[in-house]
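*Asks:* Pasting in a structure now, in structure tokens, and then I'll have a few things to ask.
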Amino acid sequence: MKNWLAAHRRAFTATIRRLADAPLATLFNITVIGTALALPLGFYVILANLQSLARDFSPQPQLSVFLAQDAAAADVGSIERRLKAHNGITSFRFVPRAEALATLKSRAGLADVIAGLSRNPLPDAFVITATGRDAAGLDLLRSEFAGWPKVAEVHVDSDWARRLDRLLALGRYAVLMLAAALALALVAITFNTIRLQILTQRDEIEVAKLIGATDAWIRRPFLYFGGIIGTAGGATAWLMIWAALLVFNGQLRPLSALYGIPLQLAHLTGADSVAALLFAAALGWFGAWLSVRRHLTAHNPI
Amino acid sequence: MTHIALSNVHKRYPGGHQALADISLSIETGELVFITGHSGAGKSTLLKLMAAIERPTAGTVIVNGQNVGTLRPRGIPFLRRNFGLVFQDHKLLFDRNVFENVMLPLDISGFSRREGARRARAALDKVGLLHKEKARPITLSGGEQQRLCIARAIVHRPAVLLADEPTGNLDAGYAAEIGNLLREFNQVGVTVVLATHDMQLAARLKPRLVEIRGGRLAS
Ligand SMILES: Nc1ncnc2c1ncn2[C@@H]1O[C@H](COP(=O)(O)OP(=O)(O)O)[C@@H](O)[C@H]1O
Ligand SMILES: [Mg+2]
């Protein structure tokens with residue numbers, strides 16, 4: 001175990017030394033990988049900001065629950081109790097049929113029409129503000145309320161939320177596809193970098209094998225190399241976005257002052273940043289692993 | 001105790017060339033053996049069979065009681081660590097200095113950097129190259145390069161030293177130095193097997209002589 005740890009530490013320092021020995025090539029590699037990662041990561045940041053902006057400015061979604069014409073005061077009371085106990089809603093208001101009619105009457109032009117009616121055609125209703133904003137949650141609430149006794153119909157004004165959801169889902173999809181394409185590019189870049197490394201270290205690999213190095217010993221520094229340039233590339237991408245946001249937010253500041261609203265784009269959250277770095281490291285490692293598999297077995301001395 | 005035993009070994013290279021035929025040979029622990037013969041006789045091939053760098057096409061090679069032919073591929077690196085190898089074409093790494101060349105076998109066997117450095121310096125001291133530890137191998141003379149090869153071969157204290165023509169292109173003075181070094185290792189118990197056609201060296205060290213002619217043992 002101690003030996004194993006020491007071997008890994010040695011492979012790690014050897015890799016760092018190797019990177020430092022060719023600073024220009026290292027810098028170039030890391031920049032290329034960083035740029036490739038900055039694109040999807042940047043889009044993701046924009047998307048996340050749009051999402052939270054949309055949340056902040058979207059109206060609270062409302063549901064209207066219309067009761068049956070023959071609903072009695074007891075039915076209204078029972079629904080009211082159920083709503084009070086429900087934890088998926090922020091508030092609700094009861095609109096008695098008489099009040100609804102009065103509101104309608106006050107609208108210009110309708111008074112005559114309503115005066116001609118023999119009885120009030122409007123039902124009692126509840127107007128409910130839901131806690132959640134996502135379309136799926138609203139649909140759930142709708143079907144739940146619709147199942148209650150003496151409820152005739154439930155309307156959800158969730159069109160706006162639904163549209164936003166679709167748009168954001170589309171954006172996430174686009175980010176995912178971009179990320180997949182650029183992940184492939186990253187793997188290809190490390191694959192090729194490691195191929196060149198293996199070529200330049202062919203003598204060392206041959207001698208090491210001849211004097212008793214295991215395959216794992218030979219592979220290890222290359223895998224570290226892939227993981228390290230992947231991580232460094234990820235960190236570079238993070239810094240690129242950080243710098244871009246700094247500039248962009250600077251430009252936004254006078255605008256926010258003008259409209260009196262805080263318009264500032266936020267960087268990735270801590271968890272997202274760590275995930276992005278791990279992802280970049282894993283991709284670099286994977287590219288190196290593929291390359292080592294492909295190129296090291298090719299000149300096995302025995 | 002028998003250290004290395006070959007029985008009825010044949011080696012045919014891909015392409016059909018028969019390099020060795022029906023070799024039976026056993027080497028005892030602590031022996032000093034010279035494999036002699038003309039160029040192309042099969043000396044290098046014989047050493048490579050012992051170190052599992054080549055596999056026999058027929059017959060068995062046994063090292064430390066292990067049958068090399070049936071060894072799993074994973075076991076081969078560990079078998080090779082029993083040997084110190086001096087290659088006919090040196091195989092020094094020219095992109096690193098003398099010290100780092102000698103460190104390689106220690107890195108491979110997992111020595112700590114500090115213990116490794118201590119041993120590497122001791123080995124370099126032994127072959128008289130300690131003052132050149134920072135030098136690049138390319139700047140060394142032929143004799144110094146050969147001594148560096150020996151330092152790299154013995155630094156992990158192998159039980160067997162296999163040296164392929166270590167005095168090949170050296171003039172008599174350098175060759176004698178190398179000979180003395182090999183004798184010293186042998187005297188502390190290392191089994192030394194040398195491929196050479198340096199008969200002057202043989203006359204001085206009085207080893208057991210094994211001659212190969214056209215891939216066969218000369219009686
Ligand atoms: N890798 C190889 N492939 C094909 N033929 C080889 C190979 N290595 C050596 N030979 C042939 O095997 C014979 C013995 O070679 P070698 O063992 O190098 O002899 P020596 O070391 O005595 O000069 C030679 O004819 C040589 O050409
Ligand atoms: Mg030879």
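The values are calculated or read from the model by the stated rules, or taken from the named source; none is laboratory data. Since we're looking at a predicted model, the values are computed, not measured. No Cβ is skipped: glycine too gets one built from the backbone with ideal geometry, and neighbour counts run over all protein chains shown. Ligands, DNA and RNA are excluded from the accessible area calculation, which covers all protein heavy atoms including side chains. Shrake-Rupley method; radii C 1.70, N 1.55, O 1.52, S 1.80 Å.
*Asks:* Which condition number does B:Gly215 fail, the rest of (1) open to solvent by 40 Å² or more (accessible area, probe 1.4 Å); (2) within 16 Å of ligand 1 (Cβ to nearest atom); (3) among the small types (Gly, Ala, Ser) being met?
*Replies:* B:Gly215 satisfies all of (1) open to solvent by 40 Å² or more (accessible area, probe 1.4 Å); (2) within 16 Å of ligand 1 (Cβ to nearest atom); (3) among the small types (Gly, Ala, Ser) except (1).
*Asks:* Mind listing just one residue for me: the one in region B:14-56 that is in a loop (DSSP other than H, G, I, E, B) and within 12 Å of ligand 2 (Cβ to nearest atom) and, of those, most open to solvent (accessible area, probe 1.4 Å)? Steps first, please.
*Replies:* Going residue by residue through region B:14-56, those that are in a loop (DSSP other than H, G, I, E, B) are B:14-17, B:29-31, B:37-42, B:51-56.
With within 12 Å of ligand 2 (Cβ to nearest atom) added as a condition, the list becomes B:37-42.
Working: B:Gly37: 12, B:His38: 142, B:Ser39: 105, B:Gly40: 73, B:Ala41: 6, B:Gly42: 9 Å².
So, considering only residues that are in a loop (DSSP other than H, G, I, E, B) and within 12 Å of ligand 2 (Cβ to nearest atom), the one most open to solvent (accessible area, probe 1.4 Å) is B:His38.
*Asks:* A:Phe66 fails exactly one of the following numbered conditions: (1) of a type outside the set (D, E, K, R); (2) open to solvent by 80 Å² or more (accessible area, probe 1.4 Å); (3) more than 30 Å from A:Tyr259 (Cβ to Cβ). What is the number of that condition?
*Replies:* (2)
*Asks:* Next question. Report every pair of residues separated by at least 6 positions or lying on different chains whose Cβ atoms are under 6 Å apart, first residue within region B:10-25 and within 14 Å of chain A (Cβ to nearest Cβ), second within 16 Å of ligand 2 (Cβ to nearest atom) and assigned to a strand (DSSP E or B).
*Replies:* B:Lys11/B:Ala19; B:Lys11/B:Leu20; B:Tyr13/B:Ala19
*Asks:* Any residue at all in region B:50-64 that's more than 10 Å from every other protein chain (Cβ to nearest Cβ) and among the charged types (D, E, K, R)?
*Replies:* No, that holds for no residue.
*Asks:* Something else: Can you give me the number of residues within region B:163-198 that are more than 14 Å from every other protein chain (Cβ to nearest Cβ), in contact with a strand residue (DSSP E or B) (Cβ under 8 Å, 6 or more places away or on another chain) and within 16 Å of ligand 2 (Cβ to nearest atom)? Outline the logic, then answer.
*Replies:* Let us first name the residues in region B:163-198 that are more than 14 Å from every other protein chain (Cβ to nearest Cβ), namely B:165-198.
Filter once more, keeping what is in contact with a strand residue (DSSP E or B) (Cβ under 8 Å, 6 or more places away or on another chain): B:165-166, B:182-183, B:185-186, B:190-197.
Pick out the ones that are also within 16 Å of ligand 2 (Cβ to nearest atom) and you get B:165-166, B:193-197.
Number satisfying all stated conditions: 7.
*Asks:* Which one is nearest to the other protein chains (Cβ to nearest Cβ) among residues in region B:90-108 that are outside any helix (DSSP H, G or I) and open to solvent by 20 Å² or more (accessible area, probe 1.4 Å)?
*Replies:* Step one: filter region B:90-108 for residues outside any helix (DSSP H, G or I), giving B:90-97.
Still in the list and also open to solvent by 20 Å² or more (accessible area, probe 1.4 Å): B:90-91, B:94-97.
On the way: B:His90: 10, B:Lys91: 5, B:Phe94: 8, B:Asp95: 8, B:Arg96: 8, B:Asn97: 13 Å.
Taking the candidates together, the pick is B:Lys91.
*Asks:* Could you pull out the residue among B:Gly75, B:Gly69 that is more than 9 Å from chain A (Cβ to nearest Cβ), away from ligand 2 (no atom under 13 Å from the Cβ) and within 18 Å of B:Ile23 (Cα to Cα)? Spell out the reasoning first.
*Replies:* Values: B:Gly75 fails: within 18 Å of B:Ile23 (Cα to Cα).
Selected residue: B:Gly69, the only one of B:Gly75, B:Gly69 that is more than 9 Å from chain A (Cβ to nearest Cβ), away from ligand 2 (no atom under 13 Å from the Cβ) and within 18 Å of B:Ile23 (Cα to Cα).
*Asks:* Out of the residues in region A:178-196 meeting the condition of being in contact with a Pro (Cβ under 9 Å, 6 or more places away or on another chain) and open to solvent by 20 Å² or more (accessible area, probe 1.4 Å), tell me which one is farthest from A:Ser291 (Cα to Cα). Even if it seems obvious, please write down each step before you answer.
*Replies:* Step one: of region A:178-196, the residues in contact with a Pro (Cβ under 9 Å, 6 or more places away or on another chain) are A:178-183.
In the following step, the residues that additionally are open to solvent by 20 Å² or more (accessible area, probe 1.4 Å) were identified as A:178-182.
On the way: A:Leu178: 23, A:Ala179: 21, A:Ala180: 19, A:Ala181: 19, A:Leu182: 18 Å.
Residue satisfying both the conditions and the ranking: A:Leu178.
*Asks:* Mind telling me which of the residues B:Phe111, B:Phe87 ends up being within 16 Å of ligand 1 (Cβ to nearest atom) and crowded, with 18+ Cβ neighbours inside 10 Å? Before you say what the answer is, go through the steps one by one.
*Replies:* Numbers: B:Phe111 fails: within 16 Å of ligand 1 (Cβ to nearest atom).
Just one listed residue meets the conditions, B:Phe87.
*Asks:* Please go through region B:1-13 and give me each residue that is open to solvent by less than 30 Å² (accessible area, probe 1.4 Å) and within 16 Å of ligand 1 (Cβ to nearest atom), ordered by number. Spell out the reasoning first.
*Replies:* Restricting attention to region B:1-13, the residues satisfying the condition of being open to solvent by less than 30 Å² (accessible area, probe 1.4 Å) are B:3-6, B:9, B:11.
Scanning region B:1-13 gives B:Leu6, B:Val9, B:Lys11.
*Asks:* OK, next. Has region A:36-58 got any residue that is part of a helix (DSSP H, G or I), among the polar types (S, T, N, Q), at pLDDT 85 or above and open to solvent by less than 30 Å² (accessible area, probe 1.4 Å)? Give the derivation first.
*Replies:* Step one: filter region A:36-58 for residues part of a helix (DSSP H, G or I), giving A:36-57.
Checking which are among the polar types (S, T, N, Q) leaves us with A:49, A:51-52.
Retained after the next criterion (residues that are at pLDDT 85 or above): none.
No, region A:36-58 contains no residue that is part of a helix (DSSP H, G or I), among the polar types (S, T, N, Q), at pLDDT 85 or above and open to solvent by less than 30 Å² (accessible area, probe 1.4 Å).
*Asks:* List pairs: first in region B:110-139 and within 22 Å of B:Pro77 (Cα to Cα), second open to solvent by 60 Å² or more (accessible area, probe 1.4 Å), Cβ under 7 Å, 6+ apart or cross-chain?
*Replies:* B:Gly110/A:Asn3
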